[in-house]
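I have placed the structure first, in the form of structure tokens, so that the comments after it can refer back to it.
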Amino acid sequence: MAGRRPLIAGNWKMNGLRADGTALAGELARRLATAGPVRFDMLVCPPATLIVPVGAAIAGGPLGLGGQDCHAAEKGAHTGDISAAMLADAGCQAVIVGHSERRQDHKETDTQVRAKAAAAQKAGLTAIICVGETEAERDAGQAGSVVARQLAGSIPEGAGAMNTVIAYEPVWAIGTGRTPTSQDIAAMHAMIRGELSGKVADPSGVRILYGGSVKPSNAAEILAIADVDGALVGGASLKADDFWAIAAAVP
């Protein structure tokens, strides 16, 4: 990992009410605080309704807090949206942008993702920029070109290791129980690392996460792959034991 500290990030998606969300975050924070030195950073990204109570539950501890999306504008007439500045004000250190569910469900373009990432960085947040191909694109041999295009269109000026994380999530592996082979993951992460040259200030320092049906049973194999600097975890991040087991698998 060339000195890059692994990041284990949990995307809770549209899951969790106050009682279970704060209990989950509190348990993870407790484990982090009592585990002694660990080899990873840990971040949870709850739904917007839980950001403030989860932030209160983990305040002062080592567990990081992030949002799942932000608007490109700092404020304005955007009913239902949340700005990056608002996330920062609520205690977030990071925000996911360009997740495939946003790209698919809300038809977000690379240009929109780039604007959101820029807004996040302006607000002092780390932008976790998601990229990944569909099953049809992979089957057509287009996985590399699709991800390269997304990177080129989604990374804003001023991006670097301090304010940017890339998350590679093959769309066909998210929530399906399917994962690419280790060779496929290694090839894509190496390609992404190469594509970062000229797009970010410190290509070798930017963390590249893998996401897509990461679970305790496959975490060790995935996290041992070159240029995999952690994981963006969906369903398994909703269970403290599973999420902790994934983090514990960091080599």
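The values are calculated or read from the model by the stated rules, or taken from the named source; none is laboratory data. Keep in mind that what you see is a predicted model, and the values were worked out from it rather than measured. For neighbour counting, all protein chains shown are included, and Cβ atoms are generated from backbone atoms with ideal geometry for every residue, glycine included. Accessible surface areas use protein heavy atoms only, side chains included; no ligands, DNA or RNA. Shrake-Rupley method; radii C 1.70, N 1.55, O 1.52, S 1.80 Å.
Considering the values [x] 114; [y] 130; [z] 204, which represents volume of the Cα convex hull per residue in Å³ as calculated for the structure under consideration?
Step by step, volume of the Cα convex hull per residue in Å³ for this structure corresponds to label [x].
In terms of solvent-accessible area of protein heavy atoms at a 1.4 angstrom probe, what is the ranking of 114, 30, highest value first?
30, 114
What figure in square angstrom, to the nearest 10, would you give for the accessible area of residue 178 with a 1.4 Å probe?
Looks like 110 Å² after rounding.
Residue 187 label point, 7 Å along Cα→Cβ, cut-off 19 Å on backbone N: hits in region 154-170?
Zone members listed by number: 168-170.
Rounded to the nearest 20 debye, what is the charge dipole size of region 90-187 about its Cα centre when +1 sits on each Lys and Arg Cβ and -1 on each Asp and Glu Cβ?
320
According to a simple spin-label model (label point 7 Å from Cα along Cα-to-Cβ), what is the distance in nm between residue 240 and residue 73?
In this crude spin-label approximation the distance works out to 4.1 nm.
Straight-line reach from residue 215: which lysines have a Cα under 22 Å away, not including same-chain ones fewer than 8 places off?
Output for residue 215: 13, 239.
Put a dot 7 Å past each Cα toward the Cβ at residue 59 and residue 148; how far apart are the dots in nm?
Spacing of the two 7 Å Cα→Cβ label points: 4.9 nm.
Given the protein chains as shown and a 1.4 Å probe, how many square angstrom of residue 83 are accessible, to the nearest 10?
Probe radius 1.4 Å; accessible area of residue 83 about 10 Å².
Please work out the Cα center distance from region 154-198 to region 78-126, rounded to the nearest Å.
18
Could you sort 75, 239, 215 by their accessible area in this structure, using a 1.4 Å probe and putting the largest first?
Sorted descending by solvent-accessible area, the residues read 75, 239, 215.
Using a simple spin-label model with points 7 Å from Cα along the Cα→Cβ vector, what separation in nm is obtained for residue 248 and residue 109?
Each label point lies 7 Å from its Cα, and together they span 4.7 nm.
Report in % the part of the accessible area of the chain that belongs to carbon and sulfur, leaving out ligands and nucleic acids; probe 1.4 Å.
So the carbon and sulfur contribution to the accessible surface is 54 percent.
What whole-number value in Å² describes the accessible area per residue of the chain for a 1.4 Å probe?
Accessible surface, normalised per residue, equals 43 Å².
Show which aspartates and glutamates lie in cross-link reach of residue 107 when reach means a straight Cα distance below 16 angstrom and same-chain residues fewer than eight apart are skipped.
The reachable aspartates and glutamates, counting only those whose Cα sits under 16 Å from residue 107, are 69, 81, 133.
Using a 1.4 angstrom probe with every protein chain in place, what is the largest-first accessible-area order of 12, 244?
Accessible-area ranking of 12, 244, largest first: 244, 12.
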